Structure formats: C-alpha cells, structure tokens
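**Q** Take a look at the following structure, please.
The values are calculated or read from the model by the stated rules, or taken from the named source; none is laboratory data. All figures in this text were calculated on a predicted structure; none of them were measured in a lab. Neighbour counts are summed over all protein chains in view; Cβ atoms, including those assigned to glycine, are modelled from backbone coordinates with ideal geometry.
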Ligand SMILES: N[C@@H](CCC(=O)N[C@@H](CS)C(=O)NCC(=O)O)C(=O)O
C-alpha cells in the first residue's frame, strides 16, 4: 500500500491519480491531503521542496515528483502503458510529456506571482515571459494534436488543460480548436478524466 500526499486540485497530483487508474493500481493508493502553504504540514519533512505529489512507501521510502512516481508505479505494475521502457519512442513520449508539464509549470508560476506578491509588486515582464512558454507550447500541440491515448503525453496534457480551465492564467480555448476537440474526445473515451477533475 502507498500513501499519496496531494491536494485534489494539483495538476501534478492528478497526473498520478490518472496514471494509477490507467495502470490498475488505484486501490493500492490512499490519498492524504497535503497543504503546501502550511509550514506545519508533514509534507515538508517528507519532501524538503514542500511540493506535491509525494508518494510514501510502507518501508519509509519517499518518492516525489509526479514524473518519478509514475515511473515507479509503472514498474510496479510491470507495464509500459504510460511510457515505453526503451527505444526512440520512449524519448519522443518523454519530450512531448515534458512540454505539456512545462506549460503547466509556467501557468503555475503565473498564478504564484499573484498569490505571493502584492498587486503593486507583480512583474508584468515575468508574467509575459511565462505566458510565452504557455503560448508557444500550446501552438506546438495545436499544430500536431496527440493521439487519443492516455499515455504519459495524454495524461500530462489533460492535467495541464484542467489547470488552465480552473485557474485561467490564459484563455486557451478560443485559439486552439484542435486541442479543444481532442480534450472532448478524451473525456468521452476515459471516464477517469472527469472523475479526477477539480471538485466544483
Ligand atoms: N515537477 C513537479 C511539480 C510539482 C509542483 O509544482 N506542485 C505544486 C502544486 S500543483 C506545488 O507543490 N507547489 C508548492 C510549491 O511550489 O511550494 C512534479 O511533477 O511533481
């Protein structure tokens, strides 16, 4: 059994929740809420970076970063459903998934600018810098939409779009019709996407 420290709104925690579902290991994972802003939360002793998601094993081992956790769960499940074990395809999937995660990272930094700074301290230049990453990344996926597949690329994209729709750091839907259509098809194909959405 594993314990997953996360919140139900974290796009990176959602990656792990969806990945566990795809791999068929969800029942082995107990979710324990973590608050990244609470200095007394044990999260900071489990992951010195104070970031979620963070996976606790029964023997005391701690695994963090959604990426590392998903690799671990895939190995436990003896599967290649998320990511091929070797070969050029592995690196194609890794690179595309990193791009999706990088968009989510940039969107998060845009939101943190507002969360951690007073309005008069906010840097327009920093926000534009992060927005550029989001827009360039989305343009790449819009030009070449991914397969209708819940592998590491699909999972990372679904969670990134979920975050953009929830926090709205940019209005991505009007200019990305291919991606909007892709997300709709994925929602219809994979019930776990709606089941792990940010609670209303
Ligand atoms: N690369 C990390 C990113 C994790 C991350 O940024 N998580 C956010 C929540 S969505 C967090 O914990 N933020 C708190 C902080 O940065 O202090 C992963 O994939 O797990």
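**Q** Within the stretch 115-153, how many residues turn out to be away from the ligand (no atom under 16 Å from the Cβ) and over 23 Å from residue 182 (Cα atoms)?
**A** Number satisfying all stated conditions: 11.
**Q** Name every residue in the stretch 61-89 that is without any contact (Cβ under 8 Å) to a residue 40 or more places away in the chain and more than 15 Å from the ligand (Cβ to nearest atom), in order of residue number.
**A** Selection gives 61, 75, 78, 80, 84, 85, 86, 87, 88, 89.
**Q** Which ones in the stretch 38-62 are in contact with a helix residue (DSSP H, G or I) (Cβ under 6 Å, 6 or more places away or on another chain) and crowded, with 20+ Cβ neighbours inside 10 Å?
**A** Across the stretch 38-62, the qualifying residues are 52, 53, 54, 55.
Residues checked against (1) within 11 Å of the ligand (Cβ to nearest atom); (2) in the same structural domain as residue 168 (by TED's automatic domain parsing); (3) in contact (Cβ under 8 Å) with a residue 24 or more places away in the chain; (4) not in a loop (DSSP other than H, G, I, E, B):
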| position | (1), (2), (3), (4) |
| --- | --- |
| 59 | no, no, no, no |
| 95 | no, yes, no, yes |
| 108 | yes, yes, yes, yes |
| 113 | no, yes, no, yes |
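**Q** While we're here: Could you check the stretch 64-77 and list, in sequence order, the residues that are assigned to a strand (DSSP E or B) and surrounded by fewer than 19 Cβ atoms within 10 Å (Cβ to Cβ)?
**A** If the condition is that a residue be assigned to a strand (DSSP E or B) and surrounded by fewer than 19 Cβ atoms within 10 Å (Cβ to Cβ), then no residue fits.
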